[in-house]
Each structure stands twice: as C-alpha cells, then as structure tokens.
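Heads up: the structure comes next, in structure tokens.
The values are calculated or read from the model by the stated rules, or taken from the named source; none is laboratory data. Computed from a prediction, not measured in an experiment: that's the story for all the values here. Methodologically, a virtual Cβ is constructed for each residue, glycine included, from the backbone with ideal geometry; neighbour enumeration extends over all protein chains shown. Accessible surface areas use protein heavy atoms only, side chains included; no ligands, DNA or RNA. Shrake-Rupley method; radii C 1.70, N 1.55, O 1.52, S 1.80 Å.
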Amino acid sequence: MKYLLLFVVAIVGLLLHKRQRALHRQPPSREARRLRPPEPMHACSHCGVHVPASRCVWDAQRRPYCCAEHARQG
Ligand SMILES: [Zn+2]
C-alpha cells in the first residue's frame, strides 16, 4: 500500500512538472520570426517536390534534388 501511494505521488508530480513546462513554453515572438529570413525553396529536378535550400542534394551541374536517390537517378 505504501508503494502505491509513492507511485501515485510520483505520477502526479510528473504530470504537474510537464504541465508547468507546457505553460512556460511560448511560440517565437513576432520579432524573432521577423529576424530570421525565410529559406529559399527549390523544386526537385526529378520529381518536382519543393525542398528547403539547406536540405537539397545538389548534383555536379548544381541542380537541386530532394534526396540522394533522385540525384542519382537524375
Ligand atoms: Zn525528388
């Protein structure tokens, strides 16, 4: 019975801790979003899916691809 009480107290403490963290987490402010410029998107040369520039796979001719497999297939 003692362990059941400890278990319940631990669960309640964990739930309260998670709730506090959720309440303190806030979305980025308008100012923070404004300071980060949008990332350019490129269409995959194989399938046409748009991919952020930082995640593109580039071939020797500097054509963007969504993944290494599509870059290999051309
Ligand atoms: Zn692709």
Next item on the list: Mind listing just one residue for me: the one in the stretch 47-62 that is farther than 22 Å from PRO37 by Cβ and more than 11 Å from the ligand (Cβ to nearest atom) and, of those, least open to solvent (accessible area, probe 1.4 Å)?
Entry: ASP59
Next item on the list: State yes or no: is LEU15 surrounded by fewer than 10 Cβ atoms within 10 Å (Cβ to Cβ) and hydrophobic (A, V, I, L, M, F, W, C)?
Entry: no
Margin query: What's the number of the only condition in (1) within 13 Å of the ligand (Cβ to nearest atom); (2) open to solvent by 90 Å² or more (accessible area, probe 1.4 Å) that LEU35 fails to meet?
Written below: (1)
